[in-house]
Amino acid sequence: MKSITMTYIGVLEKRLERKKEEIRNVSDFLQSEPTYGKINQRKFVELEAEIRELESCLDLAKVMFEE
C-alpha cells in the first residue's frame, strides 16, 4: 500500500510542477502580448485553480497516508 501511495504522491507532484511551468509561460506571454489578454487571462485563472486543486490533493494524500 505504501508504494502505491508514494507513486500517487509522485504523480501529483509532477503534475503540479508541469502546471506551475505552464502558468509561468502564460504569465510571460501575457506580459509580452497584451493584445491576446482575454484568452490568456482565462487560461491563467484556470491554471491557478488547477494548481490550488492539485496542492490540496497532494496535502490530503500526504496526511491520509502518514504513519
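Below is a table of values for the structure above.
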item	result
Breaking point among (1) among the charged types (D, E, K, R); (2) modelled with pLDDT of 95 or more; (3) touching a Phe, Trp or Tyr at 6+ places or on another chain (Cβ under 9 Å), for residue 21	(3)
Pairs, first of a type in the set (Phe, Trp, Tyr) in the range 42-61, second assigned to a helix (DSSP H, G or I) and modelled with pLDDT of 95 or more, C-beta under 7 Å, six or more apart	none
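The values are calculated or read from the model by the stated rules, or taken from the named source; none is laboratory data. Bear in mind that the values here come from a model prediction, so they are computed numbers and not experimental data. Note that each Cβ is placed from the backbone with ideal geometry, even for glycine, and that neighbours are counted across all protein chains shown.
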